1. Kindly establish whether L182 is farther than 18 Å from T30 by Cα and assigned to a strand (DSSP E or B).
2. Inspect all residues belonging to the stretch 103-123 and state whether any of them is in contact with a Phe, Trp or Tyr (Cβ under 7 Å, 6 or more places away or on another chain), surrounded by 15 or more Cβ atoms within 10 Å (Cβ to Cβ) and farther than 30 Å from N329 by Cα.
3. What residue, among those in the stretch 372-416 that are touching an Asp or Glu at 6+ places or on another chain (Cβ under 7 Å) and of a type in the set (V, I, T), is surrounded by the most Cβ atoms within 10 Å (Cβ to Cβ)?
4. I'd like to know if the stretch 295-316 contains one or more residues that are outside any helix (DSSP H, G or I) and open to solvent by 10 Å² or more (accessible area, probe 1.4 Å).
5. For the stretch 345-363, which residues satisfy the criterion of being surrounded by fewer than 22 Cβ atoms within 10 Å (Cβ to Cβ) and not in a helix (DSSP H, G or I)?
6. Can you tell me which residue within the stretch 207-257, out of those that are surrounded by 19 or more Cβ atoms within 10 Å (Cβ to Cβ) and among the hydroxyl-bearing types (S, T, Y), is farthest from P33 (Cα to Cα)?
7. Given the structure, is L31 among the aliphatic types (A, V, I, L, M), buried (at least 22 other Cβ atoms within 10 Å of the Cβ) and under 24 Å from L8 (Cα atoms)?
8. Return a yes/no flag: does the stretch 52-69 have any residue that is open to solvent by less than 20 Å² (accessible area, probe 1.4 Å), under 28 Å from P124 (Cα atoms) and within 26 Å of the chain's Cα centre (by Cα).
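The values are calculated or read from the model by the stated rules, or taken from the named source; none is laboratory data. What you are looking at is a predicted structure, and each value in this text was computed from that prediction instead of being measured. Note that each Cβ is placed from the backbone with ideal geometry, even for glycine, and that neighbours are counted across all protein chains shown. Calculation scope for accessible area: heavy atoms of the full protein, side chains included, ligands and nucleic acids excluded. Shrake-Rupley method; radii C 1.70, N 1.55, O 1.52, S 1.80 Å.
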Amino acid sequence: MTAYPIDLIRAAFPALAQSHTAYLDNPAGTLVPRSVIDAVAGAMATASANLGGRFAASERADAIWRAAHEAAAEFVNAGSWQEMIIGPNMTTLAFQMARVIGKTLVAGDEIIVTRMDHEGNISPWLAMAEDHGLVVKWLAFDKETWRIEPEDLAALLSPRTKFLALNYASNMTGSINDVTRLAAMARAAGALVWIDAVQLAPHRLPDVQAIGCDFLACSSYKFFGPHLGILWGRDKVLRALPPHRVRCQSDDLPDRFCTGTPQTELLAGLTATIDYLAWAGETTGATGTRRERMAGAYQAFDAYEADLMRRLIGGLTALPGIRLMGIANANLFAHRVPTISFTHDRLSTHRFAEELADHDVNVWSGHNYALEPARHLGLSEEEGVVRIGIAHYNSEEEIERTLAVVGALVRQGAAS
């Protein structure tokens, strides 16, 4: 196996060459490589035109639009680029589709949302339920396994269940759900299944064919790209839904769900992001199609990140007063991504974040829009957790520096 080329990977990201900062705030948004920045700038310089014109700049914009949808389809393993809907962010797409899906439901129909999700995969569906008189059922995650268990979903399913919103990986605990099994259960009961893969996509390559869901959403700015939301929908499902669109808009897919002028420069950046992932696969020894090379990159990312996560979790849990929110057993790391959250029995989460920032380590504190997980775990909504997120460009030195700052603060707190 090719050794993980951390120096080469880090050299691709301009932000890492410009400061000593350890970017461990990745669950909220990752860094972007130079190739993505250049693609965005290039599109703004040469394709700053609307689609559908008979002149060169518009034709270039058309080509960028099509290439981005094809790249997004390859990323999630869609059957067709026409199943891809690209918008400003995942939450906006969810609210947009909630209006559409809600029109197909009737009062008394049941939907299921989870205690594990980011608000972007809860609030749109609660609004849909309120607008249409739907019954909302809440699916909790198991506090011992840190995952949503099939038997808990089975207890909520009924002949009136029409929709399940489920996250692939938690933005607080990092836990990965068995979405293939859970989706199969819900679809067998007659429900549509929406998967939020935002937190999974920086660490594992999504595969909608393997999952068997109806929708899968992610955000490219969470996997090294520009600020865009990406939604895959099953062709048959998308064609049956009644879109909100202007009267003269095409009824073709994906046009019928793509309102307004697209962000062409960001679409160019999205294609460059997919190409970056394929390049990263090549640097770690992968060959084949672009998706096969991406798969090789993610396999290398996973192994590398697991080593950093093992050191970080081990170092944190050795400190007195630290409570880890998530899977700590290294034998179960296949069931989590390297998003590590913790609290301390005496020190404020914000104190940790401030101290780390003073030492050029970026992390988050608070609930981070994981409002329901915070409530389910009995945490203060104001305090939430300290959240540290590892990406494939982080280094061993950054992990050691983080542990040194946290350890010093814990010892200082114990002495005061």
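1. no
2. Checked the stretch 103-123: at least one residue is in contact with a Phe, Trp or Tyr (Cβ under 7 Å, 6 or more places away or on another chain), surrounded by 15 or more Cβ atoms within 10 Å (Cβ to Cβ) and farther than 30 Å from N329 by Cα.
3. That would be I390.
4. no
5. Across the stretch 345-363, the qualifying residues are D345, R346, L347, S348, H359, D360, N362.
6. Going through the qualifying residues, I end up with S219.
7. no
8. Scanning the stretch 52-69 turns up at least one residue that is open to solvent by less than 20 Å² (accessible area, probe 1.4 Å), under 28 Å from P124 (Cα atoms) and within 26 Å of the chain's Cα centre (by Cα).
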